[in-house]
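All remarks here apply to the structure that follows.
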Amino acid sequence: MFEKILVPVDGSETMERTVKLACDVAKMLGGTLTLIHIVALPIPVDASMSFDPTPLEQYGKKTLETAQKLAKDRGCNADTIQEVNYGNAGHMIARVAWDKGFSLIVIHARGHSKIENLLIGSVCHTVAHRASCSVLIVRP
Amino acid sequence: MTFQRVLVPVDDSPHVLELAQQATEFARETGATLTFLHVVNTPKITSAKDIEQQKREYRWISDECREKAAAQGVSASSRVEVGSPVETIVSIAEREKFDLIIMGSKGQSHLRTLLVGSVADQVMEHASCPVLLLK
């Protein structure tokens, strides 16, 4: 039913549950799994400002490796994508899903958001609203 | 983690049978059972007699979804409630321990530029179980 499944990962505590659930869905519905890490850079206000994405890229690579291993232990061989760009993480996820023809995005309601009473984080909210494909929202 | 009991809110919008078909396909592939739930939105000042009448009037929608699912070998039930759609969907899912809510992205909303309707948006926000938003 969902041939290509995209799973945004962010290294938060909730990532493990999301990756495992995505694997289960992929196995049940016969889909392939792709893990994506987004480095969303702030748009510089002034041309002279620059932002070195290297530490975030490294964090991202490590996160993708961890997530890939989680998926493998759960019986899924997952591809990985790292997307580094200026903009909003939610929009970037939606755009990658559109450009690469994903049919489902599996995303956690809240990843790094520390605000406890936030029911749904901003990235998840943006993805749910902007994605042109189906979205499975996973809860803690 | 499996999805055994799936709640599928439906309404009288034009795409409801398409949504029901997708939910049926999901159930066929996962072995889940479906509950098609129609929440009839009514203002608070309604007599008990009117409520029963509205339930009977709107029953055909969830019944039709159930029949089509059953014809494809999927175990499904049909249910009508009266009240606020979001609150009813969320509380039923929680109280009756559904594993998943499958929602269409747009039901009552008619704006072409609106990608996700207000009921789906709020259910997604408040549900305590996973929500599959189908587009």
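The values are calculated or read from the model by the stated rules, or taken from the named source; none is laboratory data. All of these numbers come straight from a predicted model, not from anything done at the bench. Cβ sites come from the backbone with ideal geometry, for glycine too, and all protein chains shown count toward neighbours.
Residues that are of a type in the set (Ser, Thr, Tyr) and under 11 Å from the mean Cα position of the chain (by Cα) within the range B:59-76 comprise just one, B:Ser62.
On the stretch given as the range B:92-106, residues that are under 13 Å from the mean Cα position of the chain (by Cα) and either farther than 22 Å from A:His129 by Cα or touching a residue at least 40 places away in the same chain (Cβ under 8 Å) (or both) total 9. Please verify whether the range B:102-120 includes one or more residues that are at pLDDT 95 or above, buried (at least 17 other Cβ atoms within 10 Å of the Cβ), farther than 18 Å from B:Asp12 by Cβ and in contact with a Phe, Trp or Tyr (Cβ under 8 Å, 6 or more places away or on another chain). Scanning the range B:102-120, I find no residue that is at pLDDT 95 or above, buried (at least 17 other Cβ atoms within 10 Å of the Cβ), farther than 18 Å from B:Asp12 by Cβ and in contact with a Phe, Trp or Tyr (Cβ under 8 Å, 6 or more places away or on another chain), so the answer is no.
Taken together, the residues in the range B:44-76 that are surrounded by 15 or more Cβ atoms within 10 Å (Cβ to Cβ), under 30 Å from B:Glu29 (Cβ atoms) and not acidic (Asp, Glu) amount to 11.
Could you pull out the residue among A:Phe51, A:Phe2 that is of a type in the set (Phe, Trp, Tyr), more than 29 Å from B:Phe26 (Cβ to Cβ) and touching a strand residue (DSSP E or B) at 6+ places or on another chain (Cβ under 9 Å)? Break it down stepwise before answering.
Details: A:Phe2 fails: more than 29 Å from B:Phe26 (Cβ to Cβ).
So the residue among A:Phe51, A:Phe2 that is of a type in the set (Phe, Trp, Tyr), more than 29 Å from B:Phe26 (Cβ to Cβ) and touching a strand residue (DSSP E or B) at 6+ places or on another chain (Cβ under 9 Å) is A:Phe51.
Has the range A:42-59 got at least one residue that is over 30 Å from B:Gln4 (Cα atoms), among the hydroxyl-bearing types (Ser, Thr, Tyr), touching an Asp or Glu at 6+ places or on another chain (Cβ under 9 Å) and in a helix (DSSP H, G or I)? Checking the range A:42-59: not a single residue is over 30 Å from B:Gln4 (Cα atoms), among the hydroxyl-bearing types (Ser, Thr, Tyr), touching an Asp or Glu at 6+ places or on another chain (Cβ under 9 Å) and in a helix (DSSP H, G or I). With respect to the conditions (1) more than 13 Å from chain A (Cβ to nearest Cβ); (2) over 11 Å from the mean Cα position of the chain (by Cα); (3) modelled with pLDDT of 95 or more, B:Gly83 lacks only one, and its number is (3). Scanning the range A:1-11 for residues that are within 11 Å of the chain's Cα centre (by Cα) and either at the interface with chain B (Cβ under 10 Å from one of its Cβ atoms) or assigned to a loop (DSSP other than H, G, I, E, B) (or both) returns A:Val9, A:Asp10, A:Gly11. Considering only residues in the range B:7-23 that are surrounded by fewer than 22 Cβ atoms within 10 Å (Cβ to Cβ) and modelled with pLDDT of 95 or more, the one that is nearest to the other protein chains (Cβ to nearest Cβ) turns out to be B:Gln22.
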